[in-house]
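Asks: Quick one: the structure is below, questions incoming.
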Amino acid sequence: MTDSHRPQPQPAATPELDEQLEEVDGLVVDFDGTVVDNAKIRLSALQQALAPYGVDVDPQWYTRNCGLPVREVIARLAGPRPLPADDIVDTSRRLLLTGPPPRLIDSTLALLARAAVLGLPRAVASSAAGVLVHWAIDRLGLGTLLPVVVTAESVPRGKPAPDAYLEAARRIERAPARCLAVDDAPDGITAALCAGMRVLAVRDGLLVPVPGPAPG
């Protein structure tokens with residue numbers, strides 16, 4: 001069985017899924033760490049890319065900052081030291097694109113599948129590079145579930161700015177206040193809340209409501 005034909009979660013109706021979706025008009029999800037469980041893969045690629053420059057990445061620090069665009073992550077790690085960000089990004093990206101596709105996060109996929117059955121428009125709002133997000137979507141056969149994709153190149157500012165979530169809402173033609181967002185990283189959750197969306201956080205593979213805007 002090829003990666004693009006992996007079986008997807010069955011979109012069976014459950015009270016939990018329908019409760020999350022019944023009062024919204026659209027679903028917008030982050031990608032890394034939300035649709036796919038690839039934090040360790042991304043960390044490893046970044047560590048390998050930074051190793052020639054004597055820079056290590058603490059896993060706990062990375063967990064707190066992985067929602068940022070990669071160049072911002074590199075800049076924070078560099079501090080006053082000059083680092084060739086373009087070379088580091090290219091090396092990290094090459095490692096990711098030549099590795100295996102990441103594992104899917106079942107709870108998010110089940111929510112997407114149920115949203116599709118209910119006819120809700122769906123989009124990705126990611127701070128990652130488009131080449132990486134589209135590669136994973138293609139390899140995992142997620143194009144039908146995720147027909148609209150916003151990436152780092154789509155907006156002027158990365159997370160925690162709300163730009164990616166606002167652009168995703170614009171593309172699916174839904175008011176941000178009527179959208180449900182799903183994200184795993186602190187900066188991503190901040191971005192979704194600043195966009196005025198209801199938010200679910202991915203915690204240990206489960207979707208947990210985040211206090212935020214009042215229902216619109």
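The values are calculated or read from the model by the stated rules, or taken from the named source; none is laboratory data. Given the structure is predicted, the values throughout are model-derived calculations rather than measurements. Cβ sites come from the backbone with ideal geometry, for glycine too, and all protein chains shown count toward neighbours. What goes into the accessible areas is simple: the full protein's heavy atoms, side chains included, and nothing from ligands, DNA or RNA. Shrake-Rupley method; radii C 1.70, N 1.55, O 1.52, S 1.80 Å.
Asks: So which residues in the range 198-216 are open to solvent by 40 Å² or more (accessible area, probe 1.4 Å) and either among the polar types (S, T, N, Q) or at positive phi (or both), if there are any at all? Give the derivation first.
Replies: Start the filter on the range 198-216 by keeping residues that are open to solvent by 40 Å² or more (accessible area, probe 1.4 Å), which leaves 198, 203-204, 206-209, 211-216.
Asp204, the sole residue that qualifies.
Asks: Separate question: Here are Asp37, Asp18: which of them is surrounded by 16 or more Cβ atoms within 10 Å (Cβ to Cβ), out of contact with any Ser or Thr (no Cβ under 8 Å at 6 or more places or on another chain), under 17 Å from Leu207 (Cα atoms) and not aliphatic (A, V, I, L, M)? Don't jump to the end; show me each part of the working.
Replies: On the way: Asp18 fails: surrounded by 16 or more Cβ atoms within 10 Å (Cβ to Cβ).
Within the list Asp37, Asp18, the selection yields Asp37.
Asks: While we're on this one: Is it true that some residue in the range 35-43 is modelled with pLDDT of 95 or more, in contact with a helix residue (DSSP H, G or I) (Cβ under 7 Å, 6 or more places away or on another chain), closer than 30 Å to Asn65 by Cβ and in a loop (DSSP other than H, G, I, E, B)?
Replies: Scanning the range 35-43 turns up at least one residue that is modelled with pLDDT of 95 or more, in contact with a helix residue (DSSP H, G or I) (Cβ under 7 Å, 6 or more places away or on another chain), closer than 30 Å to Asn65 by Cβ and in a loop (DSSP other than H, G, I, E, B).
One line per residue, one yes/no per condition, for (1) crowded, with 21+ Cβ neighbours inside 10 Å; (2) assigned to a helix (DSSP H, G or I); (3) without any contact (Cβ under 8 Å) to a residue 12 or more places away in the chain:
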position: Thr91; (1), (2), (3): no, yes, no
position: Pro100; (1), (2), (3): no, no, yes
position: Val124; (1), (2), (3): yes, no, no
position: His134; (1), (2), (3): no, yes, no
position: Leu145; (1), (2), (3): yes, no, no
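Asks: Further question on the same structure: For the range 65-74, state whether one or more residues are under 25 Å from Thr144 (Cα atoms), out of contact with any Phe, Trp or Tyr (no Cβ under 9 Å at 6 or more places or on another chain) and not in a loop (DSSP other than H, G, I, E, B). I'd like the intermediate steps shown before the answer.
Replies: First, pick out the residues of the range 65-74 that are under 25 Å from Thr144 (Cα atoms): 67.
From what's left, out of contact with any Phe, Trp or Tyr (no Cβ under 9 Å at 6 or more places or on another chain): 67.
Among the residues that remain, those that are also not in a loop (DSSP other than H, G, I, E, B) are: none.
No: the range 65-74 contains no residue that is under 25 Å from Thr144 (Cα atoms), out of contact with any Phe, Trp or Tyr (no Cβ under 9 Å at 6 or more places or on another chain) and not in a loop (DSSP other than H, G, I, E, B).
Asks: For the range 9-18, state whether one or more residues are at pLDDT below 95 and either within 23 Å of Asp187 (Cβ to Cβ) or aromatic (Phe, Trp, Tyr) (or both).
Replies: Residues of the range 9-18 that are at pLDDT below 95, as a first pass: 9-18.
In the following step, the residues that additionally are either within 23 Å of Asp187 (Cβ to Cβ) or aromatic (Phe, Trp, Tyr) (or both) were identified as none.
The answer is no; no qualifying residue exists.
Asks: To continue, here is another question. Quickly run through the range 181-197 and pick out the residues that are over 20 Å from Tyr62 (Cα atoms) and surrounded by fewer than 22 Cβ atoms within 10 Å (Cβ to Cβ).
Replies: Listed by number, the residues that qualify are Leu193, Cys194, Gly196.
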